[in-house]
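Remarks on the structure that follows.
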Amino acid sequence: MLKRLRPPLVLLAIAGLLGAGVYWFESRKVSLKPEAQGETSQPIVAVLERDIEALTIKTVAQVIVLDKIPSTGPPGTSPNAVWMMRSPQPKSQASETSVAFLTNLLVGKGDWLPQISGIRKAEFGLDQPLATIEVRLPNQQMQTIVLGKLNFDRTGLYAAVNPPVDPNAAFPMLLVSPSFESAVTRPIGEWRSAKLKNPAK
């Protein structure tokens, strides 16, 4: 009788363990989903696009430094601005398209997630980030955006805005557009103005 009972008991125990594992996984996944849509959707950098004065994009491969230089047009026209690539050398005019693509994403919205402990950074790629973007605003204000890895269904990138200096401190994460990946990993040549690469003859 005992021998006959053992296999069902073993199977029951395995089923219980599997059920507990699935419950744990799903509860973790749910805890990282935004709450009601619209309640957690907030601007990543809460400024107008024209207020961004400088950008530094740091990746494993390169560091790009961009400055917006005020420029005066012909008499009677409104003043505009030109983006310059200060680093890497040589200093040159930046591609308006590449810069605008990134600044548009920065002033867009992200879905804010619950806080996570600093010791969990590696789970979301924030310990060795895809990129760190430093944004200079008027009055020398600075914002830092750290981009981690894509989420499980590749619909967003995990990110942190102004993460704490203490590596173990808890901080809120957000999901941002996956388009950030192509915006920050483009080669150097795509950051330079096409006018410089194809001068008029």
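The values are calculated or read from the model by the stated rules, or taken from the named source; none is laboratory data. Predicted, not measured: the structure shown is a model, and the values here were computed from it. So basically every Cβ, Gly included, is an ideal-geometry build from the backbone, and we count neighbours across all protein chains shown. These accessible areas exclude ligands, DNA and RNA; they are computed on the full protein's heavy atoms, side chains included. Shrake-Rupley method; radii C 1.70, N 1.55, O 1.52, S 1.80 Å.
Split the accessible area of the stretch 77-161 by element, probe 1.4 Å, and carbon with sulfur accounts for 49%. Under a 5 Å amide H cut-off, with hydrogens placed 1.01 Å from N, Ala131 pairs with Leu147 among residues at least 5 apart or on other chains.
Extension gain for Asp153 to Lys58 (0.36 nm times residue separation, less C-alpha to C-alpha distance): 31.7 nm. The slack between Glu123 and Asn168, meaning 0.36 nm per residue of separation minus the straight C-alpha distance, is 14.8 nm.
Taking 7 Å steps out from each Cα toward its Cβ at Thr144 and Ala81 produces label points 2.3 nm apart. Each residue of the stretch 129-136 was assigned a 3J(HN,Hα) from its phi angle through the Karplus expression (A = 6.51, B = -1.76, C = 1.60, θ = phi - 60°), giving x, 4, 6, 10, 10, 9, 10, 9 Hz with x at Gly and Pro. Placing Val60, Val47, Val146 in order of accessible area, with the largest value first and a 1.4 Å probe, yields Val60, Val47, Val146.
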